[in-house]
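Single-structure report; data block below.
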Amino acid sequence: MSYDFAIWESDASTGAAATFEELFTRYLEVDLVAPTPRIHAYSEALAAQFPDDESEDAPWAAGGPSSNCSGPILYVAVSYSRANEVEVVAKRLAQEHNLIFFDPQKAPVNDGELTITTSHGTVALPDHWMSFLSQELRNFDGYVVVDSGQDHVFAQARNDNGTLTLEYRDGSPQHHYQVQGVDLSDVAEALSQWADNRRDFINKHPWDRLTLWD
């Protein structure tokens, strides 16, 4: 798992979450473009502090700064063990380059209404998760999505040709993780916790990080 942050050009930090979503969609969900001069200069300054590669000494979880900037935004994933160290430097450099530093993990989200969706449509919160999931996931391509009603905040499970796959995304386009081959009891635990706004299940599984570039 990783800790992500973004840097971009802006005259003010108001509406940061909305700005982040707009820039991410416009510049990072498509083919990357050349960074602006200010973002390029910031990328080089950050790379001067930490190796700009995926070597053993590098803190990056998915490529260094030079491979994760596009237009007026840079978005990098840092290994959790190095997150605090890198964040201090990244914030300082952002101030020096008059750029906005944004932490998606700490972004405020609007309260939303929980919805549960299956291949049969939207359903009520189940009283018994095991029996509910046994019914919904018994067929190939069956799925259950527990959506918190916030951008990029959901957990879901599906039957992939007989293999149960569990996924969650928690507050950022880049915080999307998956684990395959779980038991039905694992799925019940995860989705019921998600519906209760708990995340204890995350530490029980070896997650694979899904990215838009996979």
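Values computed for the structure shown
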read-out	value
Positive-end residue of LEU137, THR117, GLY64, charge dipole of the chain with Cβ unit charges	THR117
Long-range HN-HN contacts of LEU164 with modeled amide H, under 5 Å	GLY181, VAL182
Average accessible area per residue (Å²) across the chain - probe 1.4 Å, nucleic acids and ligands excluded	51 Å²
Between 0 and 90°, nearest 10: helix 184-195 axis offset from the chain longest Cα axis	60 degrees
Charge sum, other residues only, whose C-beta stays under 15 Å from ILE202's C-beta, Lys/Arg counted +1 and Asp/Glu -1	-2
The chain shape via C-alpha gyration tensor axes, a/c threshold 1.5	prolate
Rounded tilt (10° steps) of 83-96 against the dominant C-alpha axis of the chain	40 degrees
Fraction of accessible area attributable to carbon and sulfur, the chain (%, probe 1.4 Å)	46 percent
Additional length obtainable on full extension of the chain from ARG138 to GLN105, 0.36 nm per residue less Cα span	8.4 nm
Span from the the range 39-113 Cα centroid across to the the range 140-183 one, whole angstrom	26 Å
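The values are calculated or read from the model by the stated rules, or taken from the named source; none is laboratory data. Everything numeric here is computed off the predicted structure, so don't read it as measured data. Every residue, glycine among them, receives a Cβ derived from its backbone with ideal geometry; neighbour counts consider all protein chains shown. The area values use the complete protein model at the heavy-atom level, side chains included, leaving out ligands, DNA and RNA. Shrake-Rupley method; radii C 1.70, N 1.55, O 1.52, S 1.80 Å.
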